[in-house]
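*Asks:* So that we are looking at the same thing, I have put the structure below in structure tokens.
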Amino acid sequence: MILPVQQLVRSRMAEAVSRLYDIPADDPVLASVAVDIPPRRALGDLAVPLAFELARRLRKAPRVIAQEVAGALGSIDGISRIEATPNGYLNFFLDRPHHLAAWLAEPDRVPPASGDKAIVEHTAINPNKAAHIGHLRNAALGDAFGRLLRYLGRDVEVQNYIDDTGVQVADVAVGFREIEGKDLSAVRHIADTTRFDYYCWDLYARVTDWYEQDKERLKIRSAALHEIEHGGNPTAELAAFIADRVVRRHLETMARLNIRYDLLTWEGDILRLHFWSHAFEFLKSTGAVFLQTDGKLKGCWVMRIEEDAPAAKDDPTPGEPTDAAEEEPREKVIVRSDGTVTYVGKDMAYQLWKFGLLGRDFNYRLFTEEDDGNPLWSTTSGPGAEGDAPAFGRASWVCNVIDTRQSYLQKLVKQALAALGYHEQAGRSIHYSYEMVALSHSTARELGYDTGGEADRPFVEVSGRKGLGVKADDLIDRLTEKAAREVGKRNPELGPDETRRTAETIAIAALRYFMVKFSRGKVIVFDIDEALSFEGESGPYLQYAVVRANNIFNKLRDRAGLDEAGVVALLQSTPSDVLVSGNEESHDLWGLVLEAARLDEVVDQAVRTLELSVLAKYAFGLAQAFNGFYHRYPILNEERADVRVWRAAAVAMCRNQLTRALQLMGCTVPARM
RNA sequence: GCGCCCGUAGCUCAGCAGGAUAGAGCAUCGGUUUCCUAAACCGGGGGUCGCAGGUUCGAGACCUGCCGGGCGCACCA
């Protein structure tokens, strides 16, 4: 939509300025020409403040430069007028009827480009307990990010990493075995007859407590971890069972939120297929990882942590020893003294595989056939489905959605790539980091947690280990119940199934919008009442705007036999005075269309900055603009036929773009609400 | 101690790659339904953009320092 227009203006500006003032085209000032949007439509549709930047260099007033450039630009396709403002902006006015018609005719999506694949890894919940709101933020961001990349025409592979051989799964296995005295068949019975992830949630908290009571018991954990890593024993089988069943529950939870994956990557397969030992050899041979023979890490294979070069290095104070020289170099354990591998080690091997640098591949099996008909594949170390599986891995760009508390580990993974000489891939390893979700005191109390001990803290941190948190399914259930009550109130004629389906759609939008509307660097202090709100800046607000817009078209079809294509066909022959006259009404109408056209620009920005909240805010602003328009300008009841057609076209723009924006956030629009 | 993040209205947050008059939601006060769904709309009140310097034609945004808060610096992930 608007992006190509901006790019055209950008390049024509650069060209004109280059010619006019003899500035080379690759000069920084021309390489990235800023294109803004003027505050009011009467001022124009695109604004370029380039004259300000050139003023000093050319020793000319911005106003003069703007005028000269305007004269040199000539005519530009789709631009009806170019105006230099008295203060020095260069404002561009778009050909309104032309663009509105063209945008409505544009296909839904950019055709998928061939070539470079991006891998997005997200969710990655330890498969030993139910998913909670913290995981929801990860999955909501990761899933939406993948959708945005696809919208921009990128080839995307979404992976969910399953840490089935880590401490957390081991803990629950120990809990079943030691605290509950249960073997695999007994646990299987529990899994078949309970909400298993909830059961494990409680058990995990009990195990944590059980370790606290007697630290000696940590030796049991260590032994279990060993058994799991080696395999072929009852504890490993139990752990594998727990992980498999809990993962299936996570997938169900995520499916409720329209979140799906292409591939599940199991950490156990990384071990069994010797990915780790392979990567380990690489890392040892370069010296990046070495055996520590001294100090408290004696017997561990460690990696030295590169500190960021201190800025003061250029200007060392003479005669004073730097602190760095006195400090012990920091080291991170990759292989523990008991011989087991830490998570980072396995993640390094995984990262190498993602880029196709490991020289080995997984086997693949079909994990489930999902509701939408798309297969979900899984890695396996057993026999794979030869030839049937798509080509996984070998990406040119890797994005790991992991919360900011793991920045340090992600840095190490990147550092490992660089240490092996893969600097380019290290540069294309993106850590999509975001802040944690915590609980407000009132919500924590409502859940029955005593927060007295941390009354002075601004929030209560979620802890799976302590069983402290809001479970994802509980939250979705509550949202759905509330939405169902509201739907029932407003649409009593709807049957129970339809009411339920509508309520679920609304609940999902409420939740997913809530998870992306905050910028990623901000801690979300989760408050249940705030999350349950369907008014104001919320997902349902967006849906409601689209429902209204769709309704206009439903009625237009019923009353006048006119659908969107019919409206578009009429545009050519309809006088466009209402759109171009320059009065307030024309600016309101066009302003709405122009705002709706900005989706691609916003998506581009969101991807560039890894900041999805800009999409959420944009969609909300567009819905607000639509609602304002809706109240002010009637469509169905408008008597002037030409005005009715152009207004309907604007409504079509809005609902199409808002529907797409919601889709990008994983939300759909109900028929009514 | 070191590193990263945050500080804008009573509360929760936007403010894009410096640009035109600092915005939104909630809360609060007042108004709008014989009219396309009031989950909506319109209006009022509410701001030393943490503090101090600096860069710039122009700073909420960039730089430096300070203050306040959070997170990380595990043989957990």
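*Asks:* Just tell me which lysines come within less than 18 Å, Cα to Cα, of residue A:411; anything on the same chain fewer than 8 places away is out.
*Replies:* A:332, A:346, A:354
*Asks:* Roughly speaking, what is the stretch gain from residue A:370 to residue A:581, that is 0.36 nm per residue apart minus the C-alpha to C-alpha distance, in nm to one decimal?
*Replies:* Fully extending the segment from residue A:370 to residue A:581 adds 70.7 nm.
*Asks:* Could you look at region A:426-466 and say what percent of its accessible area is carbon and sulfur, using a 1.4 Å probe and all protein chains?
*Replies:* 44
*Asks:* Still on this model: In region A:372-469, which chymotrypsin sites (Phe, Trp or Tyr not before Pro) are in a loop and have at most 12 other Cβ atoms within 10 Å, using DSSP for the loop call?
*Replies:* Passing sites in region A:372-469 do not exist.
*Asks:* Something else now. Within a Cβ distance under 12 Å of residue A:445, other residues only, what is the Lys/Arg minus Asp/Glu net charge?
*Replies:* -4
*Asks:* Given 5 Å bins starting at zero, what is the percent of C-alpha pairs of region A:78-201 in each, up to the one with the largest pair distance?
*Replies:* All Cα pairs, binned at 5 Å, distribute as 2, 8, 11, 11, 9, 9, 9, 9, 8, 6, 4, 4, 4, 3, 3, 1, 0 percent.
*Asks:* What is the calculated FRET efficiency for residue A:442 to residue A:233, with r their C-beta to C-beta distance and R₀ = 45 Å, to the nearest 0.05?
*Replies:* 0.45
*Asks:* Sticking with the crude label model, points 7 Å out along Cα→Cβ, report the distance from residue A:56 to residue A:631 in nm, one decimal please.
*Replies:* 4.6
*Asks:* Here's something else I'd like to know. Want the number for residue A:638 to residue A:391: 0.36 nm per residue separation, take away the alpha-carbon distance, what's left?
*Replies:* The span from residue A:638 to residue A:391 would gain 83.4 nm if fully extended.
*Asks:* Something else now. Determine Rg/Rh for region A:539-664; Rg is computed over alpha-carbon atoms and Rh is the Kirkwood hydrodynamic estimate from the same atoms.
*Replies:* We get a ratio of 0.99 for region A:539-664.
*Asks:* Under the rule a/c < 1.5 gives rounded, and otherwise a/b versus b/c splits prolate from oblate, where does region A:365-434 land using the Cα gyration tensor?
*Replies:* Prolate is the answer for region A:365-434, as a/c is 1.5 or above and a/b outweighs b/c.
*Asks:* For residue A:617, give me every one of the lysines with a C-alpha distance below 23 angstrom, ignoring sequence neighbours fewer than eight places off in its own chain.
*Replies:* Those lysines meeting the cut-off are A:517, A:522.
*Asks:* Please list, in chain and number order, the residues 5+ apart from residue A:334 or on another chain whose amide H is under 5 Å from its amide H, with Hs placed from the backbone.
*Replies:* Sorted by chain and number, the residues that satisfy this are A:301, A:302, A:303.
*Asks:* With a sphere of radius 9 Å drawn around the Cβ of residue A:236, what net charge do the other residues whose Cβ falls strictly inside it have (Lys, Arg +1; Asp, Glu -1)?
*Replies:* Residues close to residue A:236 contribute a combined charge of -3.
*Asks:* Shifting gears a bit: Take every Cα pair under 8 Å in chain A that's 6+ residues apart, average their separations, divide by the length, and report that relative contact order as a whole percent.
*Replies:* For chain A, the relative contact order is 14 percent.
*Asks:* Give, as a single signed number, the net charge of other residues whose beta carbon lies under 12 Å from the beta carbon of residue A:166, with Lys and Arg counted +1 and Asp and Glu -1.
*Replies:* Residues close to residue A:166 contribute a combined charge of -4.
*Asks:* Rounded to the nearest whole Å³, what is the per residue volume of the convex hull around the Cα atoms of region A:436-518?
*Replies:* In region A:436-518, the Cα convex hull volume per residue is 113 Å³.
*Asks:* In whole angstrom, note down how far apart the Cα centers of region A:585-615 and region A:205-227 are.
*Replies:* Between the Cα centres of region A:585-615 and region A:205-227 lies a distance of 53 Å.
*Asks:* Which shape class applies to chain A: rounded if a/c is under 1.5, otherwise prolate when a/b exceeds b/c and oblate if not, where a ≥ b ≥ c are the square roots of the Cα gyration tensor eigenvalues?
*Replies:* Since a/c reaches 1.5 but b/c is at least a/b, the shape of chain A is classed as oblate.
*Asks:* Okay, next question. In chain A, what % of DSSP beta bridges are antiparallel (nearest 5)?
*Replies:* Here the antiparallel bridges make up roughly 55 percent for chain A.
*Asks:* Per DSSP H run of at least 4 residues, take -39500 (n - 2.57); add these up for chain A, divide by its residues and hand me the 222 nm value, nearest 500 deg cm²/dmol.
*Replies:* Computed ellipticity for chain A at 222 nm equals -16500 deg cm²/dmol.
*Asks:* Using a 1.4 Å probe over the heavy atoms of the protein chains, calculate the carbon and sulfur portion of the accessible area of region A:123-277 as a whole percent.
*Replies:* For region A:123-277, the apolar C and S fraction of the accessible surface comes to 49 percent.
*Asks:* Also, I was wondering about something else. Got a number for carbon plus sulfur as a percent of region A:2-94's accessible area, 1.4 Å probe?
*Replies:* 51
*Asks:* Moving on. Counting only heavy atoms of the protein chains, get the accessible area per residue of region A:539-664 (1.4 Å probe) and round it to a whole Å² value.
*Replies:* Result: 39 Å² of accessible area for each residue.
*Asks:* Same structure, new question: Between residue A:490 and residue A:178, what length in nm is gained on full extension when 0.36 nm per residue of separation is reduced by their alpha carbon distance?
*Replies:* Value of the extension gain: 107.0 nm.
*Asks:* Please label the shape of region A:142-292 as rounded, prolate or oblate, based on the square roots a ≥ b ≥ c of the eigenvalues of the alpha-carbon gyration tensor (a/c under 1.5 means rounded; beyond that, a/b larger than b/c means prolate, else oblate).
*Replies:* The shape class here is oblate.
*Asks:* Taking every alpha carbon pair in region A:2-94, what does the distance histogram look like in 5 angstrom bins from 0, in percent?
*Replies:* Reading the bins upward from 0: 3, 15, 28, 29, 18, 7, 1.
*Asks:* Let me know the charge dipole size of chain A about its Cα centre in debye, to the nearest 20, where only the beta-carbon of Lys, Arg (+1) and Asp, Glu (-1) is charged.
*Replies:* 960
*Asks:* Within straight cross-link reach of residue A:182, meaning Cα distance under 20 Å, which lysines are found once same-chain residues fewer than 8 apart are removed?
*Replies:* Within reach: A:129, A:219.
*Asks:* Determine the per residue accessible area of region A:2-94 with all protein chains present and a 1.4 angstrom probe, expressed in square angstrom.
*Replies:* 50
*Asks:* Could I ask something else about it? For the ranges A:637-648, A:617-628, A:132-143, what's the packing order if you count other beta-carbon atoms within 10 Å of each residue, average per peptide, and put the highest first?
*Replies:* My ranking of the peptides, most packed first, is A:132-143, A:617-628, A:637-648.
The values are calculated or read from the model by the stated rules, or taken from the named source; none is laboratory data. Bear in mind the structure is a predicted one, so any value in this text is a computation, not a measurement. Ideal geometry is used to build each Cβ from the backbone, glycine not excepted, and the neighbour counts take in all protein chains shown. These area figures cover heavy atoms from the full protein model, side chains too; ligands, DNA and RNA do not enter into them. Shrake-Rupley method; radii C 1.70, N 1.55, O 1.52, S 1.80 Å.
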